[in-house]
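Okay, structure first, notes after.
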Amino acid sequence: MRLLGFLLCLFAVTAPAAEVILGARHVIHHAADAPETAKQAALELQQVIQQATGKTLVITTDPALAPALRIVSDSTLPHDGFEIRLEGDDIIIAGNDDLAPAKPDAWFVPSHGTYFGAMEFLERFAGARWLLPGDLGLDVPHVQSIRVTLAQPLKGAPAFATRALAAVGETDPRNPRLPPTAPSLWLRHHRLTNGFHPFTTAYGHSWDDYLRPDDFAAHPEWKPSSGSFERKGKVTFFCTTAPGLVDLFAKRVIESIDRNPKREMTSISPTDGGGFCTCERCAKLVSKDPHGKPGHALAILTFYNEVARIIGRERPGHRLGGFVYYNYQYPPDETLKMPDNMSLCWAPLNYYGYGLLKPAYRAEFPDIMKRWSSSTGHLCYHNYSTWMRSYHGAPLPPSLSILELELPTAAKYKAWGARMVGANAWGVHAPINYLLARQMWDAKVNFSAALDEWLQRAYGPGWRHMRLMYQELDAKMLAHKQAQPLAYKGSQYEVNEDVMQSVYAPLFPQIEQHYLAAQAECATDHQRARLAMFGDNLTQLHFALRKASLISGELKSVFHRDDAAFADFMRAMESSSSLYRDPAGLDHGPIWKGEYRAP
């Protein structure tokens with residue numbers, strides 16, 4: 001019997017995997033009443049398979065046609081989850097496509113499992129990668145046929161129920177030659193919620209949406225202890241413990257909900273910045289944060305709690321969102337549990353702009369994440385962790401040590417959502433956008449391998465030169481951040497004169513050498529075009545450094561432009577997605593000192 005058991009076990013281990021060769025005889029099938037995203041999945045499969053193999057598979061709704069690559073909706077799978085399996089010569093991509101809750105659920109988010117399953121299929125079996133938005137970004141190896149080998153069904157589901165990568169150009173109207181949907185499509189390819197549903201979450205600063213300056217004429221006792229409650233006709237801060245204020249605030253929130261019945265979440269977050277009341281009542285809710293500064297978290301959470309309970313009673317089923325941020329970014333000593341209709345969004349200002357390179361912040365991070373997750377069943381993690389305001393072409397380092405810490409920790413403590421901030425300077429920031437997108441789906445992704453793969457696929461044989469460049473950037477940024485004081489300042493997430501002097505001016509000659517070495521080894525037109533987008537940023541960076549006298553004007557550089565040539569270059573860049581842009585456009589003048597102040 002023992003021998004039989006051993007043989008059975010051996011047979012189970014060594015049994016050959018099933019294999020299907022996807023060929024021209026296959027069709028792509030979906031049900032006639034399939035959801036739109038399942039139909040989009042069929043189109044994506046058809047287009048990428050055609051690009052990979054040269055064969056165009058017919059899309060059909062006739063279930064009798066076989067063999068088929070079948071797209072099947074299956075509500076038994078996890079939210080946004082999928083399963084890829086083989087049934088004879090058929091390849092099944094099953095996914096949860098539930099678009100409405102089976103029963104009332106304030107936290108329901110539409111599911112697009114078959115679409116995400118199709119993306120997994122194309123990545124794993126066709127080798128497709130979406131490196132950048134648009135045609136230039138799609139990299140698909142040419143093959144004779146696509147072999148699908150599976151020993152068992154391949155299953156997938158996301159690390160977070162809601163996943164958003166912001167500020168990558170997904171809503172930028174000033175890019176006429178780039179299809180307006182290209183960044184949003186890129187988000188979809190990377191299985192991010194905001195590619196389909198950009199307003200699933202809402203945590204914006206919103207106190208001035210509900211209270212009005214004339215309310216304080218009737219209730220002067222609502223003014224904060226400083227007496228300052230208005231700026232440019234808008235409400236800034238108020239006494240959250242003043243009798244009657246919460247009732248009016250909640251009433252106004254209800255009116256806003258009724259005016260916007262399709263809105264998925266309503267924010268009740270404070271005005272940005274400081275200015276909270278410290279009257280005798282409020283002072284009892286103020287403590288010291290871990291760094292000895294006044295912490296207003298208990299006061300804000302108490303306010304959220306009271307408003308949320310009123311909204312829950314009057315408008316059940318509607319979800320609310322609120323930041324825990326700035327001088328309320330650290331949880332109070334005692335956990336205050338939020339009502340089920342309230343989501344907290346932890347936006348740890350201390351960690352913005354590579355702050356998590358500072359040892360003290362890295363050390364405290366896991367415990368703070370754990371404590372915030374115990375306050376709400378729907379914690380959203382939001383950070384500008386690998387972002388700086390960079391108007392002059394400076395390539396930001398990917399900082400793998402930060403990526404390996406934050407979202408894996410958020411996933412460990414069951415965060416409901418992740419909302420990270422990328423950058424729309426796709427010429428230099430595409431690797432960071434790519435890594436952030438991938439880890440929001442799979443928080444355990446091998447970041448170093450993913451970065452290597454992106455560079456290899458983007459730039460071809462010369463990728464190692466760019467990898468060395470990023471390693472040097474990482475080391476310089478690490479040294480720069482660790483030399484800063486621990487206390488947060490707004491200037492710390494700016495590529496300002498201090499950062500240019502410390503990081504980019506000394507490294508520019510090496511960056512240029514790595515670029516030229518990679519350029520010499522690019523093997524295809526697409527690889528050269530992607531690298532040229534990186535070079536566009538170096539042209540902008542060189543000009544800014546030279547004009548600020550941070551590098552010698554005599555430095556021989558392929559990126560040197562005189563004033564007239566640079567002006568022509570910037571005009572040409574208006575139709576490109578290479579450089580960073582915001583509502584003010586592309587060029588923001590000379591490098592600034594300290595914290596940026598818009599004109």
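Table for the structure above
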read-out: Which of Ser267, Ala283, Leu248, positive extreme of dipole for the stretch 213-322 (C-beta unit charges); value: Ser267
read-out: Kirkwood Rh and Cα Rg combined as Rg over Rh, evaluated for the stretch 521-599; value: 1.00
read-out: Axial C-alpha extent at least 24 Å, average Kyte-Doolittle at least -0.5 - helices from the chain (DSSP); value: 36-53, 297-314, 505-521
read-out: Thr60 long-range amide H proximity, modeled H, under 5 Å; value: Ile28, His29, His30
read-out: Over 18 Å [Cα-Cα, the stretch 292-389], rounded percent; value: 47 percent
read-out: Length-normalised contact order of the chain in % [C-alpha pairs under 8 Å, at least 6 apart]; value: 12 percent
read-out: Entries in Lys155/Lys444; Lys251/Lys288; Lys284/Lys358; Lys251/Lys414; Lys481/Lys547 that, when Cα-Cα distance is taken, lie over 27 Å; value: Lys251/Lys288; Lys284/Lys358; Lys251/Lys414
read-out: The stretch 454-599: C-alpha gyration tensor shape, a/c 1.5 cut-off, then a/b vs b/c; value: oblate
read-out: Heavy-atom surface of the chain, accessible at 1.4 Å and reported per residue (Å²); value: 42 Å²
read-out: Theoretical FRET efficiency, 1/(1+(r/R0)^6), r = Cβ-Cβ of Ser549 and Ser226, R0 51 Å, to 0.05; value: 0.75
read-out: Packing-based ranking, highest mean first, of 532-539, 124-131 given that Cβ atoms within 10 Å are counted; value: 532-539, 124-131
read-out: All lysines inside 18 Å of Lys232 as judged from Cα atoms, apart from same-chain residues fewer than 8 positions distant; value: Lys223
read-out: Viscosity 1.567 mPa s, 4 °C: Kirkwood-radius Stokes-Einstein D of the stretch 348-430 over Cα pairs, µm²/s; value: 96 µm²/s
read-out: Cα centroid separation, the stretch 243-302 to the stretch 553-599 (Å); value: 40 Å
read-out: At 1.002 mPa s and 20 °C, Stokes diffusion of the chain via Kirkwood alpha-carbon radius, µm² per second; value: 81 µm²/s
read-out: Relative packing of 540-548, 74-82, which averages over residues the other C-beta atoms within 10 Å, highest first; value: 540-548, 74-82
read-out: Residues of type aspartates and glutamates that Lys262 reaches as a straight line, Cα spacing below 12 Å, ignoring anything fewer than 8 places off in the same chain; value: none
read-out: Rg/Rh ratio calculated on Cα atoms of the stretch 229-358 (Kirkwood radius); value: 0.97
read-out: The stretch 137-237: chymotrypsin sites (Phe, Trp or Tyr not before Pro) in DSSP coil with no more than 12 other Cβ atoms inside 10 Å; value: Phe199
read-out: Helical contribution to [θ] at 222 nm, DSSP H n ≥ 4, -39,500 (n - 2.57), averaged over the chain, rounded to 500; value: -12000 deg cm²/dmol
read-out: Cβ charges +1 (Lys, Arg) and -1 (Asp, Glu), total dipole of the chain, debye; value: 700 debye
read-out: Furthest towards positive pole of dipole, Tyr493, Ser575, His318, structure part the chain, Cβ charges; value: Tyr493
read-out: Placed amide H near Arg319: partners under 5 Å, 5+ positions off or other chain; value: Thr266
read-out: Listed peptides 267-277, 321-331 by packing density, highest first (mean Cβ within 10 Å); value: 321-331, 267-277
read-out: Kirkwood Rh, Cα atoms: Rg over Rh of the stretch 118-247; value: 1.26
read-out: Pairwise FRET efficiency - Thr181 versus Lys414, Cβ, R0 = 51 Å, nearest 0.05; value: 0.95
read-out: Positive minus negative residues near Leu65 (Lys, Arg vs Asp, Glu; Cβ under 11 Å); value: 0
read-out: Separation of the Thr149 and Thr335 label points, Cα + 7 Å toward Cβ, nm; value: 4.7 nm
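The values are calculated or read from the model by the stated rules, or taken from the named source; none is laboratory data. What you are looking at is a predicted structure, and each value in this text was computed from that prediction instead of being measured. Neighbour counts are summed over all protein chains in view; Cβ atoms, including those assigned to glycine, are modelled from backbone coordinates with ideal geometry. The area values use the complete protein model at the heavy-atom level, side chains included, leaving out ligands, DNA and RNA. Shrake-Rupley method; radii C 1.70, N 1.55, O 1.52, S 1.80 Å.
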